[in-house]
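Structure record follows, encoded as structure tokens.
The values are calculated or read from the model by the stated rules, or taken from the named source; none is laboratory data. It should be emphasised that the depicted structure is a prediction, and the values quoted were computed from it without experimental measurement. In this analysis, Cβ positions are derived from the backbone assuming ideal geometry, glycine residues included, and neighbour counts consider all displayed protein chains. Side chains are part of the model used for accessible areas, which takes the heavy atoms of the whole protein and leaves out ligands, DNA and RNA. Shrake-Rupley method; radii C 1.70, N 1.55, O 1.52, S 1.80 Å.
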Amino acid sequence: MAAPAPALDPGNDPSFAELLAQRPQLTRHAHDGLVMEDVPLARIAEVVGTPTWVYSAGTLRRRARALRAALADAGLTATVHFATKANDNLSVLALLGREGLGADVVSEGELRGARAAGIPASAIVFSGVGKSEREIRLALAEGIMQINAESIEEIDMISAIAAGMGRIAPVAIRVNPDVDAKTHAKITTGRSENKFGVAYDDALTLYARMAKLPGIRPIGIATHIGSQITIGMGAYRAAYARLAELVRAIRAQGLPIERVDCGGGLGIAYRDEIAPAPAALAGAIKAELGALGLPVMLEPGRWIAGPAGVLLSRVILQKQGTARRFVVLDAAMNDLLRPAMYDSWHGILPVSPAALVAPLAPADVVGPVCESSDCFTRDRALPDLPPGALVALLDTGAYGATMSSTYNARPLAAEVLVDGARFAVVRDRQSYEALHAGQRVPEWLME
Ligand code: LLP
């Protein structure tokens, strides 16, 4: 006998109306249901199919402008370099490039993508704990703005490669400030036990060493303390204060320094988090680093792209388990990995006008992949979602498509950019031919 349905306890979950109020790019229409900018999501599903990532161009622009304006309003000379790991779709990069953003890349693929999208190498910073010789060569050949070095071993390697190429590499040292950003353990980076950056106490010696190397021009220091930081500005201020102290020590030794890279990490409100405003970050930078009179750089990813995207998915079926209702989507953990990997919470909105106002009951929303962790949420207050119903998984514009895989031989989902009343497919859904392209069965196996 089926157990009675559990009572509905939305806990900290915002209502549909509250989710919509915070996301001006999404509105509810009596006839069209959920609409992004001026395009009904149901229309995109009809034309492009599902699952599909849908990005709002207006939101990307608005957020890029808000961030730049906050820095300018604080009186800072600053450049913003979008962390392309958050969203490397070429149209998204091209749009942000046209807004005056540079890029923060961590691989040859990301560097090539940023360049292909029209972002000049002189606005690209190369971060990451392990850059290959080939990647360093390419970065130098392109004339990259800055390489953030993370170890003495890497500094020596960059110098040797640059000297061999007859070039001087512009290098900043990424310093690990050993502050606790109190974010999810899997996305904290600024503690001494993390693999990132050089130890704070070694940074000055390393900087002085860089100044003596033939292939390197030391140009600055950098830090990045973690991602999805929502605890206010305390951890940032602590990290920036340590950077300021280091800049003073560098100058005291008569060494040149041209800029400070403040990293990314600004969090967003997925559920009920209090997300800091860009003005607060700009204020923290100004307070701790302003007196140095140096240009600063930021490398945000999530704050710009996260709220701009939804994952549009269709219900395959609704399954009544012994004690729970399961809504099985055609999107899965191979598309959106964040809930499985970080237990992250994403708003889920029904798309049809009727479902947006229908009575609610708890449901687990899952994908079809053969893993128990292929579960987007448990006990979420949702209406009846019969086969064919559409839902939008919110705030998936950052670390959504970029973290997808083809696990369970599921092709990569399509990507769409909405701009006002227009929309365009900016990445085709992967075909089954493409899914297996490049694989070969050796003849001797078939003999
Ligand atoms: N700069 C560096 C050196 C980074 O490592 C990162 C992110 C960023 C900038 C951009 O951080 P953001 O502004 O986006 O917080 N996959 C995880 C997030 C991993 C972030 C890794 N580094 C997630 O889905 O939450």
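A few comments on the model shown:
- For beta carbons closer than 8 Å, sequence separation of 6+ or different chains, a first residue in segment 122-148 that is under 19 Å from residue 81 (Cα atoms) and a second that is among the acidic types (Asp, Glu) and open to solvent by 40 Å² or more (accessible area, probe 1.4 Å), the qualifying pairs are 124/142.
- Within segment 282-308, the set of residues being within 16 Å of the ligand (Cβ to nearest atom) and farther than 19 Å from residue 83 by Cβ is empty.
- Any hit, segment 2-10, residues being at pLDDT 95 or above, open to solvent by 40 Å² or more (accessible area, probe 1.4 Å) and not in a strand (DSSP E or B): no
- Selected residue [free of Cβ contacts under 8 Å to residues at least 60 places away in the same chain and surrounded by fewer than 24 Cβ atoms within 10 Å (Cβ to Cβ)] from 259, 271, 217, 242: 217
Here's the yes/no breakdown for (1) under 28 Å from residue 279 (Cα atoms); (2) open to solvent by 10 Å² or more (accessible area, probe 1.4 Å); (3) in a helix (DSSP H, G or I):
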position	(1), (2), (3)
13	yes, yes, no
64	yes, no, yes
70	yes, yes, yes
82	yes, no, no
86	yes, no, no
96	yes, no, yes
112	no, yes, yes
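- Identity of the residue in segment 87-105, within 14 Å of the ligand (Cβ to nearest atom) and touching a residue at least 24 places away in the same chain (Cβ under 8 Å), that ends up nearest to residue 306 (Cα to Cα): 87
- Where strands (runs of 3 or more DSSP E) fall entirely within segment 378-447, those with at least 2 residues that are farther than 18 Å from residue 95 by Cα are at 390-393.
Rundown of residues vs (1) closer than 25 Å to residue 301 by Cα; (2) at pLDDT 95 or above; (3) not in a helix (DSSP H, G or I), yes/no style:
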| position | (1), (2), (3) |
| --- | --- |
| 207 | no, yes, no |
| 211 | no, yes, no |
| 219 | yes, yes, yes |
| 224 | yes, no, yes |
| 232 | yes, no, yes |
| 245 | no, yes, no |
| 248 | no, yes, no |
| 251 | no, yes, no |
| 254 | no, yes, yes |
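- Sole exception among (1) in a loop (DSSP other than H, G, I, E, B); (2) open to solvent by 50 Å² or more (accessible area, probe 1.4 Å); (3) under 22 Å from residue 428 (Cα atoms) for residue 24, by number: (3)
- Scope segment 94-112; condition at negative phi and out of contact with any helix residue (DSSP H, G or I) (no Cβ under 6 Å at 6 or more places or on another chain); matching residues: 94, 97, 98, 104, 106, 107, 109, 110, 111, 112
- The set of residues from segment 301-320 being open to solvent by 10 Å² or more (accessible area, probe 1.4 Å) and either in contact with a helix residue (DSSP H, G or I) (Cβ under 9 Å, 6 or more places away or on another chain) or free of Cβ contacts under 8 Å to residues at least 40 places away in the same chain (or both) comprises 303, 307, 314, 319.
- Residue in segment 169-176 that is among the small types (Gly, Ala, Ser), open to solvent by less than 40 Å² (accessible area, probe 1.4 Å) and either outside any strand (DSSP E or B) or closer than 30 Å to residue 340 by Cβ (or both) present: no
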